[in-house]
Amino acid sequence: MSETAKLNIQGNETELPLIVGTENEVGIDISKLRGATGAVTLDFGYKNTGSTTSAITYLDGEKGILRHRGYSIEELAEKAEFLEIAYLLIHGELPTKEEYTKWDNEIRRHTLVNGDIQNIFDAWPTGSHPMGQLIAMISSLSSFYPESLNPNSGEEAKMRTITRLLAKMPTICAMISKNRLGHPLIYPQNNLNYVENYLNMTFKHVTEDYVLDPILVRAMNKLMILHADHEQNCSASTVRLVGSSHANLYASVSAGVAALWGPLHGGANQKVIEMLEAIQADGGDAQKYIDKAKDKNDPFRLMGFGHRVYKNFDPRAKIIKKSADEVLEKLGVNDPTLAIAKKLEEAALSDPYFVERKLFPNVDFYSGIIYRAMGFPVEMFTVLFALGRLPGWIAQWKEMMEDKQPIGRPRQIYTGPVTRDFVPIDERG
Ligand code: CMC
């Protein structure tokens, strides 16, 4: 293959180097384009633009492949612990037994949050959305740990900031749940593992014993692994972009959580359940909603369907669908929205509109059904996505910083008025 691409702009030919990844993906390196030609590229939504090279996650949307550091998501979801995946994403290799024990112990030691954090919760009106709270809580960690404000203060400080964030995230997420209910907090219990600790802090009541259900622990572990990273999506790109200004890790991840909140990204898991419930309340007619989704005059979209990158199937959705059946059966939950989801999926997959546009169920389509069966309120669903995605955001930020990438600052093509004279207010017609 030629090592360069030739570009002819208004008669001037320029050669642009090709960058080939380890999985033979080809990128055209345009970093010198503007200097050589005066032109920039334009790509709304970055549909064709690679923003970085990365060794963390490989995704082939046509073939439905997702691998972290070379390991397939199917294998990781089946065999690994969530904190092993966090280590893999952040450090690049699976940990040895000793490395894992050290990593796990470090994280367990930092699970408590400063008591003053509760004061922030006390200031919010009842019913504030959990995602708004999570954004603020993560960002507030920079106030409690001011050494994090300089992300360039050395390896040890960086790893302490990372460890604290990983360790405190389940505690913060559980605090959000308890504050929503007006219930007393359950403190972290460091003899429990990461996933168990989160479930215990969320579902235990101070007045009662709580026995962790291994079905829930396994399902949660799997769901968190399935969400752990997804290369340069909207939130990961946000984390990288904010971090590229050398804002601290807490601020960068907090911005990522904000990006995740949107219904076109992680917020879709809440919207899916709301949609399924609305269809059920409306008599369960899946076809009616398929028709609405196809109608270009109707803003309705089939939530949990479609993906920017996957154009065949979302491997995470495949695993989650199987898990949903298993978990509901094991828990003895009969959720009518599962039947509606399956009816909707069947109808959509045989409809030319969805087939032609390669629209398939994505990770958010079935995850909410499992979360609800586990006892999570619908408003917490995107928080659960964030809890799982955290190691990915950290790994993306760390890679960006270690690669010493420049500040992210896209160009634009200006389309506003050309130069004109200021008209004093009395003279404007
Ligand atoms: N329902 C109906 N039509 C759709 C849908 C949908 N869910 N998704 C895409 N389309 C249509 C869209 O109208 C367009 O049609 P046309 O070519 O006739 O104009 C075509 O399919 C391509 O869609 P697009 O909006 O150009 O695709 P995109 O890559 O910009 O957007 C998406 C991807 C995920 C934002 C979009 O599919 C969507 O809005 N899905 C619903 C929200 C959702 O489930 N989001 C979760 C994504 S997966 C979790 C995550 O990683 O965040």
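The values are calculated or read from the model by the stated rules, or taken from the named source; none is laboratory data. Keep in mind the model is a prediction, meaning the values are calculated, not measured. Positions of Cβ are backbone-derived with ideal geometry, glycine not excepted, and every protein chain shown enters the neighbour counts.
Of the residues making up the stretch 354-368, not one is more than 10 Å from the ligand (Cβ to nearest atom), more than 18 Å from the chain's Cα centre (by Cα) and crowded, with 20+ Cβ neighbours inside 10 Å.
Residues of the stretch 94-112 that are in contact with a Phe, Trp or Tyr (Cβ under 8 Å, 6 or more places away or on another chain) and not in a helix (DSSP H, G or I): Leu94, Pro95, Leu112.
Of the residues making up the stretch 57-116, those that are closer than 22 Å to Leu192 by Cβ, among the hydroxyl-bearing types (Ser, Thr, Tyr) and crowded, with 18+ Cβ neighbours inside 10 Å are Tyr87, Thr111.
Residue-wise test of (1) assigned by TED's automatic domain parsing to the domain that holds Leu199; (2) of a type outside the set (A, V, I, L, M).
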position	(1), (2)
Ile19	no, no
Leu42	no, no
Gly61	no, yes
Glu78	yes, yes
Glu81	yes, yes
Trp103	yes, yes
Glu106	yes, yes
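The set of residues from the stretch 378-419 being crowded, with 24+ Cβ neighbours inside 10 Å and among the hydroxyl-bearing types (Ser, Thr, Tyr) comprises just one member, Thr382. Just checking, does the stretch 384-400 include any residue being closer than 30 Å to Gly284 by Cα and either in contact (Cβ under 8 Å) with a residue 60 or more places away in the chain or in a loop (DSSP other than H, G, I, E, B) (or both)? Yes, there is a match, as at least one residue in the stretch 384-400 is closer than 30 Å to Gly284 by Cα and either in contact (Cβ under 8 Å) with a residue 60 or more places away in the chain or in a loop (DSSP other than H, G, I, E, B) (or both). Please verify whether Lys311 is farther than 23 Å from Ile370 by Cβ, surrounded by 15 or more Cβ atoms within 10 Å (Cβ to Cβ), within 16 Å of the ligand (Cβ to nearest atom) and more than 24 Å from the chain's Cα centre (by Cα), treating the condition exactly as stated. No; evaluated as a whole, the condition is false for this residue. Residues that are within 16 Å of the ligand (Cβ to nearest atom), in the same structural domain as Ala339 (by TED's automatic domain parsing), in contact with a helix residue (DSSP H, G or I) (Cβ under 8 Å, 6 or more places away or on another chain) and charged (D, E, K, R): does the stretch 221-230 have at least one? Yes: the stretch 221-230 contains one or more residues that are within 16 Å of the ligand (Cβ to nearest atom), in the same structural domain as Ala339 (by TED's automatic domain parsing), in contact with a helix residue (DSSP H, G or I) (Cβ under 8 Å, 6 or more places away or on another chain) and charged (D, E, K, R).
Answer yes if at least one residue in the stretch 267-286 is more than 10 Å from the ligand (Cβ to nearest atom), in contact (Cβ under 8 Å) with a residue 24 or more places away in the chain and of a type in the set (D, E, K, R), and no otherwise. Yes, the stretch 267-286 contains a residue that is more than 10 Å from the ligand (Cβ to nearest atom), in contact (Cβ under 8 Å) with a residue 24 or more places away in the chain and of a type in the set (D, E, K, R). Among the helices (runs of 4 or more DSSP H) confined to the stretch 321-378, the ones with at least 2 residues that are under 24 Å from Ala281 (Cβ atoms) are located at 336-349, 363-374. In the set (1) within 16 Å of the ligand (Cβ to nearest atom); (2) in contact with a Pro (Cβ under 9 Å, 6 or more places away or on another chain); (3) of a type in the set (A, V, I, L, M), Ala255 fails one condition alone, (2).
When Pro263 is tested against (1) within 13 Å of the ligand (Cβ to nearest atom); (2) not in a loop (DSSP other than H, G, I, E, B); (3) not basic (Lys, Arg), just one condition goes unmet, and that condition is (2). Just one of the numbered conditions (1) surrounded by fewer than 24 Cβ atoms within 10 Å (Cβ to Cβ); (2) in contact with a strand residue (DSSP E or B) (Cβ under 9 Å, 6 or more places away or on another chain) is not true of Ile340: (2). Right, Ser350: more than 12 Å from the ligand (Cβ to nearest atom) and of a type in the set (S, T, N, Q) or not? When the stated conditions are applied, Ser350 passes them. Among strands (runs of 3 or more DSSP E) entirely within the stretch 1-73, having at least 2 residues that are more than 27 Å from Tyr414 (Cβ to Cβ) singles out 4-9, 12-20, 57-60, 65-68. Residue count for the stretch 287-308 under the criterion of being surrounded by fewer than 17 Cβ atoms within 10 Å (Cβ to Cβ) and either more than 11 Å from the ligand (Cβ to nearest atom) or in a helix (DSSP H, G or I) (or both): the result is 6.
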